[in-house]
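The values are calculated or read from the model by the stated rules, or taken from the named source; none is laboratory data. Since this is a predicted model, take the numbers as computed values, not measurements. For neighbour counting, all protein chains shown are included, and Cβ atoms are generated from backbone atoms with ideal geometry for every residue, glycine included.
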Amino acid sequence: MVTAIPATGRALVRLTLAVAALAIALPIQAGSKLLGTGGTSSIEGSAGGGIVPWATIAGYASSDEWSATAGYNRVLVDDFQLTTHSAAVSYDNHYELSLARQQFWIAPLQLSLEQQIIGVKVKVAGDLLYSDLPQLSVGAQFKHQQRFEVPQAVGALRQNGIDWYASVSKVYLDAIWGRNLLTNATVRLTKANQTGLLGFGSSDATQYQAVAELSAALLVRHDVAIGIEFKQKPNQLAFAREDHWKDLFVGWFINRNVSIVAGYVDLGSIAQLDDQTGFYFAIQGAY
Amino acid sequence: MRLIYVCVLVWLVTACTAAAKPSLYQQLGGEVAITKLVDGLLVKIEHDPRIVHHFKDTDIARFRSKLIEQLCHISDGPCQYTGSTMQESHTGFQITAADFDRLVQHLIDVMTELHIPLDAQNELLARLAPMYKDVTYR
Ligand code: HEM
């Protein structure tokens with residue numbers, strides 16, 4: 001496996017780890033929300049699980065409070081590595097703004113693509129914990145592939161795309177063996193090929209497609225969640241089949257400032273390279 | 001005949017497990033634990049500058065005894081709740097979602113400090129969560 005995190009990436013990792021160590025040593029006052037209820041930073045920067053955006057709003061800001069989070073995620077599969085650096089701010093447990101920079105390292109070609117994502121999300125109804133109605137949020141992700149030559153060469157139509165999504169999330173208290181269960185369902189309208197890493201649309205596919213993304217996580221302790229995710233994907237590039245993504249994860253909310261996630265991912269076939277399975281790791285700092 | 005036998009067996013098993021399963025009140029640790037829980041919660045409230053102001057004119061002795069009574073009652077313990085309704089007692093305080101979250105986090109922390117089993121904690125939370133709409137923004 002080839003490692004190729006550029007120097008700035010390494011510096012950011014060191015910084016994230018240093019901040020995390022500090023936060024574990026001296027917990028800083030975060031917002032008032034219950035432990036874990038902001039979810040974590042997904043690979044696209046929006047609050048969620050690993051690969052699915054949830055209806056949860058980033059961080060610990062409850063009513064009238066502000067919160068900020070920073071995330072570092074890595075997906076390591078046989079022939080690819082995806083690294084995300086992200087940051088989000090949220091207000092009132094209703095509004096979320098996120099920025100993410102993704103680096104997609106293609107080992108066989110020895111090159112990396114880079115995507116930037118600006119995300120917005122608004123909670124519109126219900127509540128994760130306190131109402132019968134699940135929490136409903138709507139969001140958008142504005143995506144820009146900065147190195148379009150490769151996606152274009154394999155048939156992608158555009159360098160930019162907007163994903164629109166609606167998510168419902170709910171924590172069922174005392175659901176299974178006395179444990180709390182979080183479920184999430186997201187419907188996304190997208191034109192993206194491999195989430196935009198391979199650009200948007202193709203000559204045969206110019207319309208939005210609706211895809212479903214699902215997560216479930218059991219809180220085996222107040223601070224530990226074990227979960228599973230499924231992400232349906234469109235399949236619009238003629239040169240290679242695109243598969244749905246799946247993962248299994250364990251998340252540990254060490255305190256209100258730091259959480260880490262480790263998992264197993266199955267990304268199927270990417271750019272003609274089949275059986276892309278491997279590891280997932282993420283760390284989030286929250287204030 | 002076989003069916004009746006099976007039915008009786010199933011009835012016996014379910015009846016026995018139902019009888020064997022202690023009430024939430026017992027799982028929490030009964031009167032002693034609930035009293036400790038409320039006292040622990042009062043200490044947390046006292047040290048939380050973001051919510052303590054709500055209680056500045058409160059008769060704490062009454063609040064303490066009513067809350068003990070209520071937690072006993074909703075956990076199927078041998079008590080009758082004699083206080084005001086949740087709507088009545090929280091009207092005029094404009095308790096926010098953040099206030100509610102903070103109190104629930106304190107409750108979880110105290111229950112954990114008291115080593116109350118996680119399933120009992122979650123069952124109590126499940127019974128308290130629906131009160132959110134009666135307590136907040138009134
Ligand atoms: C499910 C959650 C809650 C339950 C079960 C609960 C229960 C109670 C009970 C039993 C009383 C006494 C009623 C009486 O005197 O007859 C009470 C009073 C009070 N509660 Fe709550 N409460 C909850 C949430 C909150 C929250 C989140 C706050 C604010 C942070 C709060 C602030 C108060 C205050 C200030 C009083 C005293 C009112 C007065 O002085 O008359 N409560 N509550």
- Query: Does A:F253 fit the bill of being touching an Asp or Glu at 6+ places or on another chain (Cβ under 9 Å), within 14 Å of chain B (Cβ to nearest Cβ) and not polar (S, T, N, Q)?
  - Reply: yes
- Query: From A:L113, A:L76, which residue is at pLDDT 95 or above, touching a Lys or Arg at 6+ places or on another chain (Cβ under 6 Å) and farther than 30 Å from B:D99 by Cα?
  - Reply: A:L113
- Message: If I ask for residues that are assigned to a loop (DSSP other than H, G, I, E, B), within 14 Å of chain A (Cβ to nearest Cβ) and within 10 Å of the ligand (Cβ to nearest atom), which ones from region B:33-61 would you list?
- Response: B:D48, B:R50, B:I51
- Message: Given the options A:V122, A:V211, name the one that is in a strand (DSSP E or B), surrounded by fewer than 15 Cβ atoms within 10 Å (Cβ to Cβ) and touching a Ser or Thr at 6+ places or on another chain (Cβ under 8 Å).
- Response: A:V122
- Task: Consider B:L118 carefully, then state whether it is away from every other protein chain (no Cβ under 14 Å), touching a Gly at 6+ places or on another chain (Cβ under 9 Å) and over 17 Å from A:S32 (Cα atoms).
- Result: no
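Yes or no, residue by residue, for (1) modelled with pLDDT under 95; (2) exposed (fewer than 15 other Cβ atoms within 10 Å of the Cβ); (3) among the β-branched types (V, I, T):
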site: A:V138; (1), (2), (3): no, no, yes
site: A:K143; (1), (2), (3): no, no, no
site: A:W164; (1), (2), (3): no, yes, no
site: A:D174; (1), (2), (3): no, no, no
site: A:T186; (1), (2), (3): no, no, yes
site: A:L189; (1), (2), (3): no, no, no
- Just name the residue that is nearest to the other protein chains (Cβ to nearest Cβ) out of those in region B:62-100 that are closer than 17 Å to B:Q121 by Cβ and small (G, A, S). B:S75
- Cβ pairs under 8 Å, 6+ apart, first in region B:36-49 and without any contact (Cβ under 8 Å) to a residue 24 or more places away in the chain, second loosely packed, with under 12 Cβ neighbours inside 10 Å: B:L42/B:I60
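Residue-wise test of (1) more than 12 Å from the ligand (Cβ to nearest atom); (2) surrounded by fewer than 17 Cβ atoms within 10 Å (Cβ to Cβ); (3) at pLDDT 95 or above.
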{"site": "B:P78", "(1), (2), (3)": "yes, yes, yes"}
{"site": "B:T82", "(1), (2), (3)": "no, yes, yes"}
{"site": "B:G92", "(1), (2), (3)": "no, yes, yes"}
{"site": "B:I108", "(1), (2), (3)": "yes, no, yes"}
{"site": "B:I116", "(1), (2), (3)": "yes, no, yes"}
{"site": "B:L128", "(1), (2), (3)": "no, no, yes"}
{"site": "B:D134", "(1), (2), (3)": "no, yes, yes"}
{"site": "B:Y137", "(1), (2), (3)": "no, yes, yes"}
- Quick one: which residue in A:A216, A:A271 is on the phi > 0 side of the Ramachandran plot and of a type in the set (A, V, I, L, M, F, W, C)? A:A271
- Conditions (1) near the ligand (Cβ under 7 Å from one of its atoms); (2) in a loop (DSSP other than H, G, I, E, B); (3) within 14 Å of chain A (Cβ to nearest Cβ) -> B:L103 fails only (2)
- Query: Across region B:62-76, which residue is farthest from the ligand (Cβ to nearest atom) among those that are in a helix (DSSP H, G or I) and crowded, with 17+ Cβ neighbours inside 10 Å?
  - Reply: B:C72
- strands (runs of 3 or more DSSP E) contained entirely in region A:222-287, each with at least 3 residues that are without any contact (Cβ under 8 Å) to a residue 24 or more places away in the chain: A:258-266
- Query: Somewhere in region A:166-185, is a residue assigned to a loop (DSSP other than H, G, I, E, B) and away from every other protein chain (no Cβ under 14 Å)?
  - Reply: no
- Task: Kindly indicate whether A:L113 is assigned to a strand (DSSP E or B) and surrounded by fewer than 16 Cβ atoms within 10 Å (Cβ to Cβ).
- Result: no
- So, first residue over 10 Å from B:P78 (Cα atoms) in region B:23-34, second residue β-branched (V, I, T) and not in a helix (DSSP H, G or I), Cβ within less than 6 Å, six or more apart or across chains; the pairs are B:L28/B:I116
